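Trainee: Got a structure for you, questions after.
The values are calculated or read from the model by the stated rules, or taken from the named source; none is laboratory data. In this text the structure is predicted, and so the values were computed from the model without any measurement. Don't worry about glycine lacking a Cβ; one is built from the backbone with ideal geometry, like all the others, and counts go over all protein chains shown. What goes into the accessible areas is simple: the full protein's heavy atoms, side chains included, and nothing from ligands, DNA or RNA. Shrake-Rupley method; radii C 1.70, N 1.55, O 1.52, S 1.80 Å.
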Amino acid sequence: MAITHRRLLAATLVAALTLLAAWTPARGAEPAPAPAATAPNIIFVLVDDLAWNLVQYLPQVQRLQSEGATFTNYTVTDSLCCPSRSSILTGQFPHDTGVFTNGGDDGGFAVFKGRGNENRTFATALQAKGYRTGFLGKYLNGYLPADTQGGALPYVPPGWSEWYVAGNGYSEYNYDLNENHTVVHYGSQPADYLTNVLSRKGKDFIQRSAAANTPFLLEVSTFAPHSPFTPANQDLDDFPGLTAPRTPAYDQLPTNPPSWLAGNAPLTTQEKSTLDTNFRKRAQSVQAVDRLIGNLRTQLTTSGIADNTYVVFSSDNGFHMGEYRLTGGKQTAFDTDVRVPLVVAGLGVVPGSQRAEVVQNIDLAPTFQRIGAADVGTHVDGRNLLPLAQGEAAPNWRTGALIEHHGPNQAADDPDAQDRRNGSPVTYEALRTATYTYVEYSNGEREYYDRTVDPHQLNNIAAGLSTTRRAALHDALAAYVACHSHSACWTAGHVPA
């Protein structure tokens, strides 16, 4: 009884101190909150290519929603794996990380590391505050488990106490993990299924951290449900007859589509059949992710630390499947690709709540850092989301999200390479608010969708905007793209209604 009472007091104190540290002036960096009596733990489950339409097949995520806060206007900075993950790790837009693609001279692991980003992640900040930090699964495109990066041992980035990371783990079998500087091969047996391996290693990390009485941050980054959409053996027969959703945007072109999209013919019968098969496989492949979440949360309870742990679930980008006459893919500025789930549960979070504020993946790093009483530097573009999750009003919150993309992306060795049929937009920048989406392409084309009356983004009315409105949107977007600090990006995020 005394132990339970002490835990309750510690949890209450943590929540109170976190709320006191909630909002800070926009003109500078966010100072660290006062240290709590017992530092909270953080578990972050990040999945690959999961769109909102798969949440209905994830009962553990639905349970997390009922116990926590769901952010309904959460978007990524770029609907592509490596740039999105770079923004998550650093709290910075692609124009500050320098990572716009999965490889080449403007993206991938090499650019992320080469620009010094690994030295300013939420992991380095929390490790400096005494946290045990663990990373499991998928890191950044171009990372190879056996690569020494010039050292004596397989490379582990700074900031991570424990590291169990694959390179090409998309097939879920026959892959290598860098396990704390040692390369370990996994084969094709059921026990080698990658998502299940990550689940076992995650439980072990939690158990050992709790036994050591050490606060921790654990990121579990799955390859599922990325193509080739490989389910675990036990899930191969799930959801018989399931088909891809036939939303109003399915097999439809918007009016006045941009040129990269305009030439797409209606989906063929074979394409529709493939989309249905792949959607069913995606729903099957996330069953292991759902079990992983349940297993981690069960271990928290078993270890006696569930009441002092935040659990966060999200995806690096969404995925279209038939919408806008596009076969399976991402990289567009449509909501199918840029708007993804974000669910937060934990101390002081309002159960079953929804927050409609405009938030982005740049907000995760400063949130994790503030939870762990770490400073948020002036170079961080994002903001702490925890006060929103804990029910605080935010009348002056940002009104617009920035999305950046370099394209077309057709590199043969890129697992996310797409052609015209998948959707391969030219370079663009976009503003997304709670009510509209505005896109500027490098070739001068424009899109504007009023989502209050056109939620499926089927009527591009950019050509009908007034000269004054077009100028205001252009200027707001240009200012956002040019922001390079905590305060400047906060100011730029307040865009025209």
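Trainee: I'm checking my understanding of the structure. Among residues of the range 356-379 that are open to solvent by 10 Å² or more (accessible area, probe 1.4 Å) and part of a loop (DSSP other than H, G, I, E, B), which one is farthest from Val495 (Cα to Cα)?
Mentor: Step by step, filter the range 356-379, then rank; the result is Ala373.
Trainee: Can you tell me which condition Trp160 does not meet? The list is (1) touching a strand residue (DSSP E or B) at 6+ places or on another chain (Cβ under 6 Å); (2) not in a loop (DSSP other than H, G, I, E, B), and all the others hold.
Mentor: Trp160 satisfies all of (1) touching a strand residue (DSSP E or B) at 6+ places or on another chain (Cβ under 6 Å); (2) not in a loop (DSSP other than H, G, I, E, B) except (2).
Trainee: Let me ask something additional. Which of the residues spanning the range 115-155 are open to solvent by 30 Å² or more (accessible area, probe 1.4 Å) and free of Cβ contacts under 8 Å to residues at least 12 places away in the same chain?
Mentor: Asp147, Thr148, Gly150, Gly151, Ala152
Trainee: Among the residues of the range 203-228, count how many are farther than 30 Å from Phe319 by Cβ, in contact with a helix residue (DSSP H, G or I) (Cβ under 7 Å, 6 or more places away or on another chain) and open to solvent by less than 10 Å² (accessible area, probe 1.4 Å).
Mentor: Qualifying residue count, the range 203-228: 1.
Trainee: Okay, next question. Within 30 Å of Arg325 (Cβ to Cβ) and either without any contact (Cβ under 8 Å) to a residue 12 or more places away in the chain or crowded, with 16+ Cβ neighbours inside 10 Å (or both): is that true of His486 in this structure?
Mentor: Taking the combined requirement at face value, the residue does not satisfy it.
Trainee: Name the single residue that is surrounded by the most Cβ atoms within 10 Å (Cβ to Cβ) among those in the range 246-287 being among the small types (Gly, Ala, Ser) and in contact with a Phe, Trp or Tyr (Cβ under 9 Å, 6 or more places away or on another chain). Steps first, answer last, please.
Mentor: So the first thing to find is which residues in the range 246-287 are among the small types (Gly, Ala, Ser), and the list is 249, 259, 262-263, 265, 273, 283, 285.
Of the ones still in play, those that are also in contact with a Phe, Trp or Tyr (Cβ under 9 Å, 6 or more places away or on another chain) are 249, 259, 283, 285.
Numbers: Ala249: 22, Ser259: 11, Ala283: 21, Ser285: 29.
For the range 246-287, the residue satisfying everything is Ser285.
Trainee: Of all residues in the range 420-457, count the ones that are modelled with pLDDT of 95 or more, part of a loop (DSSP other than H, G, I, E, B) and buried (at least 17 other Cβ atoms within 10 Å of the Cβ).
Mentor: Of the residues in the range 420-457, 5 are modelled with pLDDT of 95 or more, part of a loop (DSSP other than H, G, I, E, B) and buried (at least 17 other Cβ atoms within 10 Å of the Cβ).
Trainee: For Ser87, only one of the following conditions fails: (1) outside any loop (DSSP other than H, G, I, E, B); (2) surrounded by fewer than 20 Cβ atoms within 10 Å (Cβ to Cβ); (3) in contact with a helix residue (DSSP H, G or I) (Cβ under 8 Å, 6 or more places away or on another chain). What is its number?
Mentor: Every listed condition holds for Ser87 apart from (2).
Trainee: Right, another one. Return yes when Leu242 is open to solvent by 10 Å² or more (accessible area, probe 1.4 Å), farther than 30 Å from Ile461 by Cα, out of contact with any Asp or Glu (no Cβ under 7 Å at 6 or more places or on another chain) and not hydroxyl-bearing (Ser, Thr, Tyr) and no when it is not.
Mentor: Here the answer is yes, as Leu242 does meet what is asked.
Trainee: Which of the strands (runs of 3 or more DSSP E) contained wholly in the range 166-269 include at least 2 residues that are modelled with pLDDT of 95 or more, hydrophobic (A, V, I, L, M, F, W, C) and closer than 19 Å to Thr133 by Cβ? Write out each step before concluding.
Mentor: Details: elements: 175-179, 182-186, 216-221.
Output list reads 216-221.
Trainee: Let me ask something else about it. For the range 314-334, give me each residue that is open to solvent by 10 Å² or more (accessible area, probe 1.4 Å) and within 14 Å of the chain's Cα centre (by Cα).
Mentor: Across the range 314-334, the qualifying residue is only Phe319.
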